[in-house]
Amino acid sequence: MRSLMLDLLQSLNNVYSGWILWNLFLAFVPLLLSFKLFRRRDASSPWFVPACFITALIGVISLRARLPRVSQSLAGSWRSLRSGNSEVMLQLAGLALVVVIALAVSRWLSRRADIAKLGQWWAWLAVFMAFLPNAPYVLTDIIHLIRGTSYGETPVWIIALVFIPLHFCAIVLGFEAYVIALLNVNYFLKARALSRLIVPVELTLHALCAFGIYLGRFIRLNSWDILIDPTSVLAITLNTLTSRRPLAVIVVTFMIVAGLYWGMKQITLGLKLRMHYARQGLDPLYLDECEVLNSKLGMRNAELSDRSPLQEEY
């Protein structure tokens, strides 16, 4: 038993470097923001604060495994800054300019309550859009399973009983966060009599996420690079959109994301409907019989109500 546990821990250390929790944390961020932006009533529910706490805890735990990589990156940036690297200086100057503009706009909006609320909503919407591709991005994390098990050093039983279920659950949870986030967007549009925009908005978000997945997986950009280095992000974006191979990858990714979203959406709505029936004490397997019985009872009650008192005596 001890040798089996040692094999399992060694395999986890070789394959797993904190990416599962970190990517789930990034996937849950737009999910929570979608409730705050599009379903404010649910955001005030008792479960929302614990959900935010659990998400933050996942982020802290996953960040511990990534601290060596983060510290190396910060050390490299500090060395570049001390050496007077012009590229780093421009990035810092751009970031400082963004901060100054954000502070000035927030101070101006604070004097106007209605405009301030609208400005905050649009600012959080921008954050939501920047982090949304992280949710379907978990689909590409299957590459970690392929890389970690292709060397032949991991026992077969660990791959079958631990790695595959672990990766499958992580991918399903991350993509389900994407599905629920878009369902919240649909709820927001439908509540404002904009149901005709649901399909175009969904397709647009699928396309943006497919583009973001390409930038994250192949170019290795992060959501916060939009603020840290917007010039490079813009240049890479223009270069990607004018190249054939990246466009082909983006189109295929879009089709995969859209297809999986449609399937997961039906499953999610079906589960929600089943829970609704369960709260009412109804069994979905016998809904047809219940509907027929209710219709017969309704017709019988209508017949009785149409009878005169004299007819009821006889």
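The values are calculated or read from the model by the stated rules, or taken from the named source; none is laboratory data. Predicted, not measured: the structure shown is a model, and the values here were computed from it. Cβ sites come from the backbone with ideal geometry, for glycine too, and all protein chains shown count toward neighbours.
Mind counting the residues in the range 177-213 that are surrounded by 21 or more Cβ atoms within 10 Å (Cβ to Cβ) and aromatic (Phe, Trp, Tyr)?
Selection size over the range 177-213: 1.
If you go through the range 253-262 one residue at a time, do you hit one that is modelled with pLDDT under 85, not in a loop (DSSP other than H, G, I, E, B) and not hydroxyl-bearing (Ser, Thr, Tyr)?
no
Confirm whether residue 160 is at pLDDT below 80 and part of a helix (DSSP H, G or I).
So residue 160 fits the description; yes.
Within the range 37-44, does at least one residue satisfy the condition of being within 23 Å of residue 185 (Cα to Cα) and modelled with pLDDT under 60? Even if it seems obvious, please write down each step before you answer.
Of the range 37-44, the ones within 23 Å of residue 185 (Cα to Cα) are 37-44.
Cutting the leftovers down to modelled with pLDDT under 60 gives us none.
No; the residues of the range 37-44 include none that is within 23 Å of residue 185 (Cα to Cα) and modelled with pLDDT under 60.
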